[in-house]
Amino acid sequence: MSAVSSSTEQSLASVVVVDYGLGNLRSVTRGLERAGADVEITDDPAAFEAADGVVLPGVGAFREGVENADPLREDLLAVAERGTPLFGICLGMQMLLTSSEEGETDGDSAVQGLDLIPGTNVRFAEGQKVPHMGWNELSVERDHPLVEGVDGNYAYFVHSYYAAPDDEAATVATTDYEREFPSIVANESGNVFGTQFHPEKSGETGLQILRNFVEICAEE
């Protein structure tokens, strides 16, 4: 893994994108730069500590993601403990929860997520078309600075599992795909949050989400 830095002329906040071997690092970085962040792609815990915000991206299976990120587990938990904004995207959001049915359905033993938002990730119902792929609507359920200006807008999804938090209050926004599921979740203190969709692939809606995130980081 390597550290790659990039900067904008007038950076609003410094953001680290965690490099643990999975995720659209470049596209996430470009989106964050457009949103006004100075971005570093790295697996260096010292950079996590120095940053205004940390992004945990991810594409792929829950088990692979958790196992790849496991060497950084304590460092990511420390980010949340310090109150630094920690933003999980797609698989990265699922890894914020406690567990997932994904390994179980493949006959594998369970692996533990970060447990920053207690709950599990469950598969869409049998007979339902998976993955859920394409554009779908966001319905904001409660206030959180991440969702300023996006209620009713459309975002781009690709996933077969969705978050089921233990506490309903962890759901910030929902989306309907033959059933209503949480598409944005956050912890009680509000500094750990995630989107099931890809903001970096979601046009103006995604850019607004990333701008909101950068503003959250700038205020810390």
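The values are calculated or read from the model by the stated rules, or taken from the named source; none is laboratory data. Computed from a predicted structure; not experimentally measured. Please note: Cβ atoms are built from the backbone with ideal geometry, for glycine as well, and neighbour counts cover all protein chains shown. Quick note on the areas: whole protein, heavy atoms, side chains included, nothing else; ligands and nucleic acids left out. Shrake-Rupley method; radii C 1.70, N 1.55, O 1.52, S 1.80 Å.
Values as computed for the structure displayed
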item: Neighbours by Cβ (under 6 Å, 6+ apart or cross-chain): first from the stretch 181-203, without any contact (Cβ under 8 Å) to a residue 24 or more places away in the chain and under 17 Å from residue 32 (Cα atoms); second open to solvent by 20 Å² or more (accessible area, probe 1.4 Å) and not in a loop (DSSP other than H, G, I, E, B); result: none
item: Residue tally, condition crowded, with 16+ Cβ neighbours inside 10 Å, in a helix (DSSP H, G or I) and within 16 Å of the chain's Cα centre (by Cα), over the stretch 7-47; result: 5
item: Number of the condition not met by residue 121 [criteria: (1) outside any strand (DSSP E or B); (2) within 21 Å of residue 73 (Cα to Cα)]; result: (1)
item: Scan of the stretch 139-162 for residues that are in contact with a strand residue (DSSP E or B) (Cβ under 9 Å, 6 or more places away or on another chain), in a loop (DSSP other than H, G, I, E, B) and not charged (D, E, K, R), ordered by number; result: 144, 150, 152, 153, 160
item: Pick from the stretch 100-121, criterion at pLDDT 95 or above and open to solvent by 10 Å² or more (accessible area, probe 1.4 Å), ranking: nearest to residue 178 (Cα to Cα); result: 120
item: Matching residues, the stretch 164-212, being touching a helix residue (DSSP H, G or I) at 6+ places or on another chain (Cβ under 6 Å) and of a type in the set (Phe, Trp, Tyr); result: 193
item: Residue selected from the stretch 68-89 under the condition open to solvent by less than 10 Å² (accessible area, probe 1.4 Å) and of a type outside the set (A, V, I, L, M), by the criterion farthest from residue 199 (Cα to Cα); result: 85
item: Identity of the residue in the stretch 139-162, exposed (fewer than 14 other Cβ atoms within 10 Å of the Cβ) and of a type in the set (D, E, K, R), that ends up nearest to residue 215 (Cα to Cα); result: 143
item: Criterion violated by residue 64 - all others in (1) in a helix (DSSP H, G or I); (2) at pLDDT 95 or above satisfied; result: (2)
item: Total residues in the stretch 163-186, condition in a strand (DSSP E or B), of a type in the set (A, V, I, L, M, F, W, C) and surrounded by fewer than 22 Cβ atoms within 10 Å (Cβ to Cβ); result: 2
item: Failed criterion for residue 136 (all others in (1) in a loop (DSSP other than H, G, I, E, B); (2) of a type outside the set (Ser, Thr, Tyr); (3) buried (at least 16 other Cβ atoms within 10 Å of the Cβ); (4) modelled with pLDDT of 95 or more hold); result: (1)
item: Top-ranked residue of the stretch 187-213 - restricted to ones that are open to solvent by 20 Å² or more (accessible area, probe 1.4 Å) and in a helix (DSSP H, G or I), ranked as nearest to residue 81 (Cα to Cα); result: 211
